[in-house]
Amino acid sequence: MAYKFKGKKFEEFEIGQEFTTAARTITEGDVSTFAGLSGDFNPLHTDEEYGKRTPFGGRIAHGLLAVAVSTGQANQLGIFEGTTIALLSMSFKYTGAAKFGDTIHTVLKVAEKKETSSPDRGIVTFDVTTLNQRNESIVEGQWVVMLQREEGS
């Protein structure tokens, strides 16, 4: 028997429905790896002495690292597995900072559903918030995802 994807289709999402991910701690290794991958060696992320002189009091993780982790957390939920056609857009604003040792999780809330002219797909907009261990928001935004529809819908 073939593997059956766990992802939800367009019809299975309801306005107001929330999904909360597992948490993950941001480590120095994460930041070093992301700096190497992205080429972003800004001292705010890589120089502790510089970081001590900032309002954060030390180095912080890249904002895009927190966004990348949140996408991974969302995918680990399984709700997009095998049913996503495309990520159409992401918008986000930074509302805080992820510090080394912070443990972050992500909450996705279905904000809008829109049918398309194609009967095999629909678009779901999610309000997305990434929070630290104190439930303080560090990133807020929206993801617009094109998803498969049930056959015959």
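Bear in mind that the values in this text are calculations on the coordinates, not laboratory data. Just so you know, these numbers come straight off a predicted model, no measurement behind them. Every residue, glycine among them, receives a Cβ derived from its backbone with ideal geometry; neighbour counts consider all protein chains shown.
Please report the relative contact order for the chain, taking Cα pairs under 8 Å with a sequence separation of at least 6, and give it as a percent rounded to a whole number.
Details: 312 pairs, mean separation 46.0, N = 153.
Once divided by the residue count of the chain, the mean separation gives 30 percent.
Using a Förster distance of 30 Å, how high is the FRET efficiency between Thr54 and Ser89, based on the Cβ-Cβ distance and rounded to 0.05?
In this case the efficiency is close to 0.45.
Considering only DSSP states other than H, G, I, E and B, which trypsin sites (Lys or Arg not before Pro) in the stretch 1-75 qualify as loop sites with at most 11 other Cβ atoms within 10 Å?
Details: sites: Lys4, Lys6, Lys8, Lys9, Arg24, Lys52, Arg53, Arg59; in loops: Lys4, Lys6, Lys8, Lys9, Arg53, Arg59.
Counting only loop positions with at most 11 other Cβ atoms within 10 Å, the trypsin sites (Lys or Arg not before Pro) in the stretch 1-75 are Lys4, Arg53.
On a 0 to 90 degree scale, rounded to 10, what angle separates helix 28-38 from the longest Cα axis of the chain?
It works out to around 70 degrees.
Above 23 Å lies some portion of the pair distances; for the stretch 1-129, what is it as a whole percent of all C-alpha pairs? The partial results should precede the final answer.
On the way: 3581 of 8256 pairs.
Summing the P(r) of the stretch 1-129 above 23 Å gives 43 percent of all pairs.
In deg cm²/dmol and to the nearest 500, what is the mean residue ellipticity at 222 nm of the chain if only DSSP H runs of at least 4 residues count, each as -39500 (n - 2.57), divided by the residue total? Don't skip to the end; give the middle numbers.
Details: 4 runs with 34 residues, N = 153.
That comes out to -6000 deg cm²/dmol.
For the chain, find the longest principal axis of its Cα atoms and tell me its angle to the long axis of helix 63-76, 0 to 90°, nearest 10.
Result, in degrees: 40.
Connecting C-alpha atoms closer than 10 Å in a GNM of the chain, tell me which of Ser32, Ser117, Ser70 has the biggest fluctuation.
Greatest mean-square fluctuation among the candidates belongs to Ser117.
Summing +1 for each Lys or Arg and -1 for each Asp or Glu, what net charge is found among the other residues whose Cβ lies under 11 Å from the Cβ of Ser91? Spell out each step's value before the answer.
Details: positive: Lys93; negative: Asp127, Glu140.
In short, -1.
What are the aspartates and glutamates whose alpha-carbon lies under 17 Å from the alpha-carbon of Lys99, with same-chain residues fewer than 8 places away excluded?
Straight-line reach from Lys99, under 17 Å: Glu28, Asp30, Asp40, Asp47, Glu48, Glu49, Glu136, Glu140.
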